[in-house]
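Heads up, the thing below is written out as structure tokens.
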Amino acid sequence: MSRVMLIFAIGLLALMAGALFYAARLPDLAPTAQSASPAPLTEPTALAVITHPTFTLPTLDGTPREFAEWQGKNRLINFWATWCAPCRREIPLLKAFQEEQGDNGFQVLGIAVDFPEQVIAYAESAGFNYPILIGQQDAMAVAESSGIEFIGMPFTMFVASDGEYVGAYIGELHQSHLDYIVDVMTRLDRGDIDKAAARQQLAAL
């Protein structure tokens, strides 16, 4: 073998050896059974729904009142603020509702998500005939216990006479809404419908 061919052969062998050495050091990129399947998606976390709301908030004069004080009545918990025009429009309607339905087992509770001094000043001219409670972050927490994101006001929760939450409505209530609420919750009290049916019907508001 000539000297040139010998040098070429030696160089070729060295190149092949280097390639094999490099290949042996590469990580194994083949997919494994574990990495072949993507990790399952995590279910989104839902808001915790409180089936029997409980809370204590101060009145206009600062007296703390517990929600359980009105147990035995169908309660409309109306969240409002002095700066909210639709909230203010609802107040005469809710006052009339309380006057008409108070003896029929219904109770309106107004929860002002506002500064106490502004609520107190507004209440002087509003002439509320139903209790007004005041809160800010704590009042919003009560609203969100319905499991519905508290995105604005007015917002009204419906609680049955046994204290169980049965529905909510976002937006301004009108007389047709109130008539419908009375019908559903009266039939629930009589046993004509169960809680599941009441929730379904109130969700159609």
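The values are calculated or read from the model by the stated rules, or taken from the named source; none is laboratory data. Keep in mind that what you see is a predicted model, and the values were worked out from it rather than measured. As a convention, Cβ positions derive from the backbone with ideal geometry for all residues, glycine included, and neighbour counts pool all protein chains shown. These area figures cover heavy atoms from the full protein model, side chains too; ligands, DNA and RNA do not enter into them. Shrake-Rupley method; radii C 1.70, N 1.55, O 1.52, S 1.80 Å.
Observations on the model:
- Hits in the stretch 150-205 - residues which are in a helix (DSSP H, G or I) and aromatic (Phe, Trp, Tyr): Tyr180
- Restricting Gly163, Gly147, Gly171 to those that are under 20 Å from Thr56 (Cβ atoms) and among the small types (Gly, Ala, Ser) reduces the list to Gly163.
- Of the helices (runs of 4 or more DSSP H) entirely within the stretch 1-113, those holding at least 1 residues that are modelled with pLDDT of 95 or more occupy 85-101.
- Some residue of the stretch 163-175 being farther than 16 Å from Leu205 by Cα and more than 14 Å from the chain's Cα centre (by Cα): yes
- Condition met for Ile151 (in contact with a Gly (Cβ under 9 Å, 6 or more places away or on another chain) and open to solvent by 70 Å² or more (accessible area, probe 1.4 Å)): no
- Those residues of the stretch 81-98 which are touching an Asp or Glu at 6+ places or on another chain (Cβ under 7 Å) and among the hydrophobic types (A, V, I, L, M, F, W, C), in sequence order: Ala81
- Residues within the stretch 165-188 that are buried (at least 16 other Cβ atoms within 10 Å of the Cβ) and of a type in the set (D, E, K, R), tallied: 1
- Condition met for Glu117 (on the phi < 0 side of the Ramachandran plot and within 25 Å of the chain's Cα centre (by Cα)): no
- Among the candidates Thr186, Thr156, residue that is in contact with a helix residue (DSSP H, G or I) (Cβ under 8 Å, 6 or more places away or on another chain) and β-branched (Val, Ile, Thr): Thr186
- For the stretch 122-141, the candidate set comprises residues that are without any contact (Cβ under 8 Å) to a residue 24 or more places away in the chain and more than 20 Å from the chain's Cα centre (by Cα); within that set, the residue that is most open to solvent (accessible area, probe 1.4 Å) is Glu124.
- Pairs with Cβ under 7 Å, 6+ apart, first in the stretch 53-78 and basic (Lys, Arg), second crowded, with 18+ Cβ neighbours inside 10 Å and in a strand (DSSP E or B): Arg65/Leu57; Arg65/Leu133; Lys73/Phe106; Lys73/Gln107; Arg75/Gln107; Arg75/Leu109; Arg75/Val159
- Qualifying positions in the stretch 189-198 - open to solvent by 80 Å² or more (accessible area, probe 1.4 Å) and among the basic types (Lys, Arg): Arg190
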